[in-house]
Structures are given as C-alpha cells and as structure tokens.
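K.L.:
Pasting in a structure now, in structure tokens, and then I'll have a few things to ask.
Just so you know, all these numbers are worked out from the coordinates, no wet-lab data involved. Keep in mind the model is a prediction, meaning the values are calculated, not measured. We place every Cβ from the backbone using ideal geometry, glycine too, and count neighbours over all the protein chains shown.
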Amino acid sequence: MLISVLTIMPELFADLLNSPVLARAVSKGELELEIVDIRDYAPGSFRHIDDSPFGGGAGMVMRCQPVLDALRSCRARGKEVCGQEGASRRRTVIMSPAGTPYTQEKARAFSGLSHLILICGHYEGMDARIYSHADEQVSIGDYILTGGEPAARVVIDSIARLLPGSLRDASTREESFENGLLEYPQYTQPAVYEGEAVPEVLRSGNHEKIRRWRLQQSLLLTRKMRPDLFAAHVLTAEEEELLAEADREPDNTVSVE
Ligand code: SAM
C-alpha cells in the first residue's frame, strides 16, 4: 500500500519511521510512505502557497494551484507504483475538522486500499475549490489543530498496525472498536499486586469461561464508559444473558477508575 501525504511541513514527518510498527510495515514491503512538499509545486522563488481570503478576515488560505498540481503529480506516481488496477483502489482524503469522524472501521477500510492520499491543510484552511478534488474529508476529533499533519500521522499509524505482519503478536481483531465494543481489561504478572488480585477466572485455564468473562467485561465497560457505542451495539442472545447475569451480581462490575 502506498500512502502519500501532501503537506507544507514535510519536516513534521521526518521521524515517522522511528515507530517500530511503521518501520516493520515498510521493511516488509506492505507500506510505502511518500511525503510530498506542496511548496515544490509553488512557482517563483517565494514558493507562494497561501494568500489572504476573499471577503477579508484574519489569517491566510492555502491556494488551489500548488495543492492541486501536487495532487495530480501524486496520482500519476500512484498509477506507476500501483498499476491501473491498483489505482482504482485509491482514495484522496482531506484532513479537516469538518470531516467525518475517523473511526476504527474507517482505518480498516483505508488499510485495504492500494493508494491513500492525505492532504494536510494549514493556516485558516484551504481554498474551498480544492475539496471537490478529494473523495472525502476526515476529522480526528472535535478540536482544532494547527495543521492536518498530526491528524495524518494518526491515520497512518492506525492503518500501519492493520497491515499484514506489522504487529509481532496476536491479531488486532479483538481490540476496542473492532466488534463495536471496548476491549476487556487485561492483566499480567504478578497475580497479586499491592493486595489487588487478578480475577480468578483468568487463572482458571478454562478457555470458554475466560471468553465469556471477557465478553461480559467488554459489555460492562462499554455501557459504563461509552454509552453512545453501547446504544449502537445490537446485543446477541449470549450478550443479553451475560449482562443480565452481571446485573444480578453487582460485584461483577468493572473497575475502570
Ligand atoms: N479555520 C478552520 C476551521 O475553523 O474549521 C481550521 C483550520 S486549522 C487551523 C488548519 C488545518 O488543520 C485544517 O485545514 C485541517 O487540515 C487541519 N485540522 C485541524 N483540526 C483538525 C481535526 N480535528 N481533524 C483533522 N484535521 C484538522
């Protein structure tokens, strides 16, 4: 998979491969990262990439021409790398606070693409005419970043760990959000720490009991911490039974504080 990032601050990606997961995905040939400096597409010695907004107001706005020329060149290179068939699995995404909230589901969908192009805005944002050249806009949360670069890094990280062979151990399938629920609590040695013991069932060796306990804890944790996710989750018969059982036994509640 090729991920291209269009940015006016390429230096903000200089340490990207310090992440072992990303480095592994790249070394295994599962991921190629291309950081494109939008300024390289701005004419003249001033490399003019922004201008003041029509209608007045504070701040500067990124101009169409350098961004769209960078995008065209990036798409052409994507065709070379991914081939014609691969290019049909390409998506152009603008990082934007007005975008669709970024989710694990979206990360999984992006991880199946051949070429993902992430465009990072800066200043007051980009000329509105640029947006129609992208497939979608993505937001990483309801707050304003200085630029799209940290958001693009979040997206890249979340995709890289889903690529084959990038994580050393177990599957990512049991993680939070993968089944619409938060992950169950995890414990490691020692079995008792400062008087607090690991739940007995996890030391029982009974895999079926452990599976049911984990599912029950996932349900309780999601209901407590993320009522929005819980409300959207359609309970199976087993899940209903596990919740009813936990509600009958209040000692069974999750300690997340
Ligand atoms: N004036 C814009 C507004 O009020 O919506 C904010 C511009 S922001 C300072 C500059 C750039 O940062 C945006 O163009 C976008 O690329 C990026 N950005 C800011 N917040 C973001 C978020 N929550 N998710 C994704 N990108 C974001």
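K.L.:
Please say if segment 174-252 is rounded, prolate or oblate, where rounded means a/c under 1.5 for a ≥ b ≥ c the square roots of the C-alpha gyration tensor eigenvalues, and otherwise the choice is prolate for a/b larger than b/c and oblate otherwise?
P.N.:
Verdict is prolate for segment 174-252.
K.L.:
Lys209: which aspartates and glutamates have alpha carbons under 12 Å from its alpha carbon, excluding same-chain residues fewer than 8 sequence positions away?
P.N.:
Glu200
K.L.:
Normalised by the number of residues in the chain, what is the relative contact order in percent for Cα pairs under 8 Å and 6+ residues apart?
P.N.:
Here the relative contact order equals 19 percent.
K.L.:
Calculate for the chain the 222 nm mean residue ellipticity that helices alone would give, adding -39,500 (n - 2.57) per DSSP H run of length 4 or more and normalising by residue count, nearest 500 deg cm²/dmol.
P.N.:
So the calculated ellipticity at 222 nm is -11000 deg cm²/dmol.
K.L.:
Counting other beta carbons within 10 Å of each Cβ, put Arg108, Arg153 in order, fewest first.
P.N.:
Going from least to most buried by this count: Arg108, Arg153.
K.L.:
Same structure, new question: Please list, in order along segment 35-43, the HN-Hα scalar couplings obtained from phi with the Karplus expression 6.51 cos²θ - 1.76 cosθ + 1.60 (θ = phi - 60°), rounded to whole Hz, x for Gly and Pro.
P.N.:
9, 9, 7, 4, 4, 5, 9, 8, x
K.L.:
Amide H of Met126 versus every other amide H placed in the peptide plane: which residues, excluding those fewer than 5 positions away on the same chain, fall under 5 Å?
P.N.:
Distant-sequence amide H within range of Met126: Met62.
K.L.:
For the chain, return all DSSP H helices satisfying: extent of Cα atoms along own axis at least 15 Å; mean Kyte-Doolittle hydropathy at least 0.0.
P.N.:
Counting only whole DSSP H runs, the qualifying helices are 149-160.
K.L.:
Is the shape of segment 1-123 rounded, prolate or oblate, going by the alpha carbon gyration tensor and its root eigenvalues a ≥ b ≥ c, with a/c under 1.5 for rounded and a/b larger than b/c for prolate?
P.N.:
Since a/c reaches 1.5 and a/b is larger than b/c, the shape of segment 1-123 is classed as prolate.
K.L.:
For segment 75-134, what class follows from the C-alpha gyration tensor (a ≥ b ≥ c being the square roots of its eigenvalues): rounded when a/c is under 1.5, otherwise prolate if a/b is larger than b/c, else oblate?
P.N.:
Taking the square roots of the gyration eigenvalues as a ≥ b ≥ c, segment 75-134 is oblate.
K.L.:
Could you tell me the extents of the chain's C-alpha atoms along the three principal axes, largest first, rounded to whole Å?
P.N.:
71, 43, 38
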